[in-house]
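Chemist: Pasting a structure here, questions to come.
What follows is calculated from the coordinates using simple rules that are stated; it is not laboratory data. Note that the structure is a prediction, hence the values are computed from the model and not measured. Heads up, the Cβs are rebuilt from the backbone with ideal geometry, glycines too, and the neighbour counts pull from every protein chain shown.
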Amino acid sequence: MTAATKPFIVNRMPGFGTMAIAVFLMLYLPISLLIIFSFNERESLAVWGGFSWRWYEAAWQNRDIKDAAFRSLWLAGFAATIATAAATLAAIATTRGKPFLGMTTVYAVINMPLMVPEIVTAVALLIFFAWIKVATGYTGAAYLVAAHAAFCVPFAYLPIRARLESMDATLEVAAADLYASPWQAFRRITLPLLWPGIIAGFMLAFVISLDDVVITEHIKSAGMETLPTYMLGQLRRSMSPEVNAVSAIFFLLSVVLVTFFFFLNRKK
């Protein structure tokens, strides 16, 4: 094979390995240091003083951290459930329905939160919910759930739509040929095959909601701290190794969910 017809292979380009190592170091070295110093006996964030579970125990006994963590979990659970349900309906409508004029616009609208800066979305939601608060007088947690659900819809939509597009549509046609109603075909054929995509979409939406700060900071009412906003507030006051411990747990939870997401979506 001549030089003119030699295929382009990016991982064989000069300097690719060095660049890849540098990128991974910049990404994961700070996280590794955070996890290591979460086991530091001293209060110092830079000087090692021996291994200890001290800060994990302190975080476990901190009532404010427990309340914020519980609030983050139920908020992410509710928001991810709503977002996944909406994303599933949207994915079925855009992949199993007949093509129509404006379908590209529908795709753009669904995926808009991915392209618009999050701060813009947060300010827009703040203005919208402020108008509703003035009109109704309600200031509860429903605003946070609605805001997180709206923001997480495209994150749940992408894996569900990808799963639908990879499914063999002839199975649904065969069910219809055997006199199955649309609901029976969906319940017996489409939904069982779609479950991995739905679970993957739910987990992705859950993780996005769990660690969101910008939207939460703009929408939450007084006394409704989530774990990320609580940690941000602590960092503004004083850097405590407790934050390292909570961050390490947060990171571990995210890794578990993302790993599960990967195994659900890999091709067999």
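Chemist: Using every Cα-Cα pair within the range 1-135, state what percent have a distance larger than 20 Å.
Modeler: It works out to 77 percent of all Cα pairs.
Chemist: Express in % the proportion of alpha carbon pairs of the range 1-74 at distances exceeding 18 Å. Working shown, then result.
Modeler: Working: 1787 of 2701 pairs.
The share of Cα pairs beyond 18 Å in the range 1-74 comes to 66 percent.
Chemist: Could you give the angle, 0 to 90 degrees to the nearest 10, between helix 16-37's Cα long axis and the longest principal axis of the Cα atoms of the chain?
Modeler: The angle comes out near 50 degrees.
Chemist: In addition: Can you compute 3J(HN,Hα) from phi for each residue in the range 54-66, using the Karplus curve 6.51 cos²θ - 1.76 cosθ + 1.60 with θ = phi - 60°, rounded to whole Hz and x for Gly and Pro?
Modeler: 3, 7, 5, 5, 5, 5, 5, 8, 7, 5, 4, 5, 4
Chemist: Alpha carbons only, please: Rg and Dmax for the range 56-185, in angstrom.
Modeler: Here Rg and the maximum Cα pair distance are 19.8, 63 Å.
Chemist: On to the next question. Relative contact order of the range 194-268: what whole-number percent is it, with Cα pairs under 8 angstrom and at least 6 residues apart?
Modeler: The normalised contact order for the range 194-268 reaches 51 percent.
Chemist: For VAL246, VAL10, what ranking results if the residue with the fewest other Cβ atoms within 10 Å of its Cβ goes first?
Modeler: VAL10, VAL246
Chemist: Per DSSP H run of at least 4 residues, take -39500 (n - 2.57); add these up for the chain, divide by its residues and hand me the 222 nm value, nearest 500 deg cm²/dmol.
Modeler: -23500 deg cm²/dmol
Chemist: Could you run the Debye sum over the Cα atoms of the range 151-198, one equal point scatterer each and no solvent, and tell me log10 of I(q)/I(0) at q = 0.16, 0.30, 0.32 Å⁻¹, two decimals?
Modeler: -0.47, -1.05, -1.11
Chemist: Rank-order 134-140, 71-77 by packing density, defined as the average count of other C-beta atoms within 10 Å over each peptide's residues, highest first.
Modeler: Most protected by this proxy first, the peptides run 71-77, 134-140.
Chemist: Which three numbers, in whole Å and largest first, are the semi-axes of the equivalent ellipsoid of the chain derived from its Cα gyration tensor as √(5λ)?
Modeler: After diagonalising the Cα gyration tensor, the semi-axes are 38, 30, 19 Å.
Chemist: Quick one, can you get me the convex hull of the C-alpha atoms of the range 77-119 expressed as volume per residue in Å³?
Modeler: Here the figure is 69 Å³ per residue.
Chemist: In nm, to one decimal, how far is the TRP183 label point from the SER254 one, both placed 7 Å along Cα→Cβ?
Modeler: Rounded to a tenth, the inter-label distance reads 4.3 nm.
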